[in-house]
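See below for the structure under consideration.
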Amino acid sequence: DAGVIQSPRHEVTEMGQEVTLRCKPISGHDYLFWYRQTMMRGLELLIYFNNNVPIDDSGMPEDRFSAKMPNASFSTLKIQPSEPRDSAVYFCASRGDSRGNQPQHFGDGTRLSIL
Amino acid sequence: GNSVTQMEGPVTLSEEAFLTINCTYTATGYPSLFWYVQYPGEGLQLLLKATKADDKGSNKGFEATYRKETTSFHLEKGSVQVSDSAVYFCALTGGTSYGKLTFGQGTILTVHP
């Protein structure tokens with residue numbers, strides 16, 4: 001079975017540019033999560049969706065960040081404009097169980113560097 | 001709200017040593033508990049889980065028992081290998097929120113030959 005697929009794996013761009021990260025969840029999973037991981041702050045939940053609807057976006061750091069899930073098989077996380085402090089590894093995860101007993105499945109992440 | 005506290009790291013061991021990584025949690029009700037592992041350059045993978053009190057999760061020689069009376073879910077392995085070097089995260093779901101995982105801060109494990 002294909003796991004969670006993220007693209008790109010690496011992104012290097014200059015500050016001020018728009019960055020779009022992409023995620024394809026596991027087919028049939030109706031929960032999708034976006035995380036950010038840094039040495040300083042560890043693993044942070046940014047936002048999660050259920051059935052394509054954003055449920056909790058309290059972790060989104062500021063208005064420069066936005067996330068969409070136009071359909072059950074695709075989600076994007078966009079940063080505009082990007083800043084050096086946005087440099088991190090961004091993970092997408094999906095889960096199919098509404099009660100939370102089943103684990104989240106993570107992608108391999110996008111390593112983002114903002115110069 | 002929910003919270004997870006892991007022992008401070010990093011942890012450095014010699015091959016074949018015994019491993020314990022402590023994890024305690026705060027949550028209302030009956031959360032499900034998980035250990036995830038992250039190898040260098042990869043995403044998190046589920047290592048084991050337990051969904052009710054006194055359950056023991058196990059995988060790849062690792063074990064953890066859901067102790068409701070002490071609100072703990074300590075990870076153990078009797079004999080670690082160099083290939084176990086990774087970051088280990090304790091996590092829970094349930095309590096005040098079934099939708100999302102609450103993670104501990106992670107513990108870096110390094111195993112030397």
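The values are calculated or read from the model by the stated rules, or taken from the named source; none is laboratory data. Keep in mind that this is a model prediction, so the values were computed, not measured. No Cβ is skipped: glycine too gets one built from the backbone with ideal geometry, and neighbour counts run over all protein chains shown.
Just a few scattered comments:
- Strands (runs of 3 or more DSSP E) enclosed by region B:57-113 - at least 2 residues per element that are within 16 Å of B:THR20 (Cβ to Cβ) and within 14 Å of chain A (Cβ to nearest Cβ): B:86-94, B:107-112
- Of all residues making up region A:54-67, the number that are within 15 Å of A:SER94 (Cβ to Cβ) and touching a residue at least 12 places away in the same chain (Cβ under 8 Å): 2
- Here B:TYR30 passes the criteria (1) within 11 Å of chain A (Cβ to nearest Cβ); (2) under 15 Å from the mean Cα position of the chain (by Cα) except the one numbered (2).
- Conditions (1) closer than 16 Å to A:LEU46 by Cα; (2) more than 9 Å from chain B (Cβ to nearest Cβ): number failed by A:LEU115: (1)
- Tally of residues being more than 14 Å from B:LEU19 (Cβ to Cβ) and within 10 Å of chain A (Cβ to nearest Cβ) across region B:36-49: 9
- Entry remark, region A:24-47: residues being under 14 Å from A:CYS92 (Cα atoms) and part of a strand (DSSP E or B) number 13 in total.
- Which numbered condition A:LEU21 fails, given (1) within 14 Å of chain B (Cβ to nearest Cβ); (2) within 27 Å of B:SER3 (Cβ to Cβ); (3) under 10 Å from the mean Cα position of the chain (by Cα); (4) modelled with pLDDT of 95 or more: (2)
- Some residue of region A:27-34 being more than 14 Å from chain B (Cβ to nearest Cβ), surrounded by fewer than 20 Cβ atoms within 10 Å (Cβ to Cβ) and within 14 Å of the chain's Cα centre (by Cα): no
- Within region B:64-96, the residues that satisfy the criterion of being among the hydrophobic types (A, V, I, L, M, F, W, C) and modelled with pLDDT under 95 are B:ALA91, B:LEU92.
Yes/no per residue for (1) part of a strand (DSSP E or B); (2) over 29 Å from B:TYR39 (Cβ atoms); (3) within 14 Å of another protein chain (Cβ to nearest Cβ); (4) out of contact with any helix residue (DSSP H, G or I) (no Cβ under 9 Å at 6 or more places or on another chain):
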| position | (1), (2), (3), (4) |
| --- | --- |
| A:PHE49 | yes, no, yes, yes |
| A:SER58 | no, yes, yes, yes |
| A:MET69 | yes, no, no, yes |
| A:SER75 | yes, no, no, yes |
| A:ARG85 | no, no, no, yes |
| A:SER94 | yes, no, yes, yes |
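- Conditions (1) buried (at least 20 other Cβ atoms within 10 Å of the Cβ); (2) over 15 Å from B:PRO10 (Cβ atoms): number failed by B:VAL80: (2)
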